[in-house]
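Student: Take this structure, written in structure tokens, and hold onto it; I'll ask about it next.
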Amino acid sequence: MSISGLFILDLKGNVVISRNYRGDVDMSCIEKFMPLLVEKEDEGTASPVLVHQGISYTYIKYMNVYLVTISKKNTNVILVLSALYKIVEVFCEYFKTLEEEAVRDNFVIIYELFDEMLDFGYPQTTESKILQEFITQQGNRLETVRPPMAVTNAVSWRSEGIKYRKNEVFLDVIESVNMLANAQGTVLRSEIVGSIRFRVVLSGMPELRLGLNDKVFFQQAGASSRRGGNSGKGVELEDIKFHQCVRLSRFDSERTISFIPPDGEFELMSYRLTTQVKPLIWVEASVERHAHSRVEYMVKAKSQFKRQSVANHVEVIIPVPSDVSAPKFKTGAGTAKYVPELNAIVWSIRSFPGGREYIMRSSFMLPSITSEEVEGRPPINVKFEIPYYTTSGLQVRYLKIIEKSGYQALPWVRYVTQNGDYQLRMT
């Protein structure tokens, strides 16, 4: 993957800052980008890659700026997009946000970052913690800054000589449930999107080894029925994406995730499971409409997960007509309120134990004159967070910490299941 030029544009397509990496493409070709994009959007055929006169424009939009690359070569678009999103992530670490004003205020540092992050159009150092060691925001200093060893080291994401008084590793397995179900309870679409996140507080250059109850591992080991600690249940992970620190060859051969971690917080891996998921929180809403008078709602919410688990910060968002008034509520648990900007009732339940059912009743006044337009009926949305619980059954079998000094470190593991795009259709 190599790019010829990189641009940051404002919303009108004007160049705020640019960098020419290879000199094989006329940089003035960026003037064609915005008219081309507008034309494609008008036609409804806009995509992340636009091609015009043999030049490919790959772009992303973030806040009020466009990041655009140009190239004449047949580049790997996924790698280019990954590099652009990584640039956004690094800029946000430096400037807290990436907006046109922030770019204009920090163009000197941005040029330095462009030069360090890409060399001749190829991505190089992209870890913000490493970059911050030698590209600082304390300008106008003539001292000679020596780049950290990590820049030229095989482990470019972690510096040497890190020391902590207390060595700990915090691991979070976070799963989001995306679901669409009809009013009869049939699940039309469901998937689990998960990620494993770390906060590493370790001295030196440790190696970590993480074992999961991966289905392929159990098949290779022939031990799916013998590992009682994990009930012999293997989880078939799809679309796995690893942080660059993971040794992929060892994962392919042994199904062991082995890596030297970056310092601080990072996402080790993400995954997806396309599987039939039983609704964790099921909501039924019956609507009784009295013409030109009032409308009444009775909403039942039932938790369908284990009794020992508890869902926190539950929000049930029930759509209502846009012309209702005078709301009245009666809840068996939590609080309910009418939110006019959402045209919805928001029923909030702070703590929702498993195997429970709660009822909320509400009524609204309707106008005496109704519109001829028939309003659609959007689905019910549910928000929740269930700690110490994973829908997929994914478990951490072990987390080993190996460091040449032999210090003892404490690993902490936490599981969280939360809503993603969780929608239930109304009758």
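Student: Within the range 161-179, how many residues are within 11 Å of V277 (Cβ to Cβ) and touching a Pro at 6+ places or on another chain (Cβ under 8 Å)?
Tutor: 1
Every residue, every condition in (1) open to solvent by less than 20 Å² (accessible area, probe 1.4 Å); (2) closer than 30 Å to L202 by Cα; (3) aromatic (F, W, Y), yes or no:
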| site | (1), (2), (3) |
| --- | --- |
| W347 | yes, no, yes |
| R361 | no, no, no |
| P379 | no, no, no |
| V382 | yes, no, no |
| R397 | no, yes, no |
| G406 | no, yes, no |
| R414 | no, yes, no |
| L424 | yes, no, no |
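Student: Among the residues that make up the range 39-51, is at least one of them under 24 Å from I109 (Cβ atoms), in contact with a Phe, Trp or Tyr (Cβ under 8 Å, 6 or more places away or on another chain) and open to solvent by less than 60 Å² (accessible area, probe 1.4 Å)?
Tutor: no
Student: Shifting gears a bit: Please work out if G13 is small (G, A, S) and under 30 Å from the mean Cα position of the chain (by Cα).
Tutor: Considered against the rule, which asks whether it is small (G, A, S) and under 30 Å from the mean Cα position of the chain (by Cα), G13 comes out as yes.
Student: Moving on. I'm trying to understand the selection: among the residues of the range 260-291, which are more than 23 Å from the chain's Cα centre (by Cα) and among the aromatic types (F, W, Y)?
Tutor: W282
Student: Shifting gears a bit: Please specify each residue of the range 363-377 satisfying the condition of being open to solvent by less than 40 Å² (accessible area, probe 1.4 Å) and either at pLDDT 90 or above or under 27 Å from the mean Cα position of the chain (by Cα) (or both).
Tutor: Listed by number, the residues that qualify are S363, F364.
Student: Does D172 satisfy the criteria of being within 17 Å of R397 (Cα to Cα), more than 17 Å from the chain's Cα centre (by Cα) and not assigned by the TED database to the domain that holds F305?
Tutor: no
Student: Then there's this: Does G334 satisfy being at negative phi, open to solvent by less than 60 Å² (accessible area, probe 1.4 Å) and touching a Phe, Trp or Tyr at 6+ places or on another chain (Cβ under 7 Å)?
Tutor: Taking the combined requirement at face value, the residue does not satisfy it.
Student: Okay, moving on. Do any helices (runs of 4 or more DSSP H) lying entirely in the range 54-137 carry at least 2 residues that are farther than 17 Å from P262 by Cβ and open to solvent by less than 80 Å² (accessible area, probe 1.4 Å), and which ones are they?
Tutor: By residue number, 77-95, 100-105, 107-117.
Student: Quick check: anything in the range 368-381 in a strand (DSSP E or B), touching a strand residue (DSSP E or B) at 6+ places or on another chain (Cβ under 7 Å) and touching a residue at least 12 places away in the same chain (Cβ under 8 Å)?
Tutor: For the range 368-381, residues in a strand (DSSP E or B), touching a strand residue (DSSP E or B) at 6+ places or on another chain (Cβ under 7 Å) and touching a residue at least 12 places away in the same chain (Cβ under 8 Å): present.
Student: Something else about it: Among the residues of the range 13-38, which ones are crowded, with 16+ Cβ neighbours inside 10 Å and farther than 27 Å from A102 by Cα?
Tutor: Scanning the range 13-38 gives a single hit, V25.
Student: On the given criteria, is E315 charged (D, E, K, R) and under 27 Å from the mean Cα position of the chain (by Cα)?
Tutor: Yes.
Student: Among the residues of the range 308-331, which ones are open to solvent by less than 60 Å² (accessible area, probe 1.4 Å) and in a loop (DSSP other than H, G, I, E, B)?
Tutor: S309, V320, P321, V324
The values are calculated or read from the model by the stated rules, or taken from the named source; none is laboratory data. Since this is a predicted model, take the numbers as computed values, not measurements. Using ideal geometry, Cβ is built from the backbone for each residue, glycine included, and neighbour counts are taken over all protein chains shown. Side chains included, ligands, DNA and RNA excluded: accessible areas come from the protein's heavy atoms. Shrake-Rupley method; radii C 1.70, N 1.55, O 1.52, S 1.80 Å.
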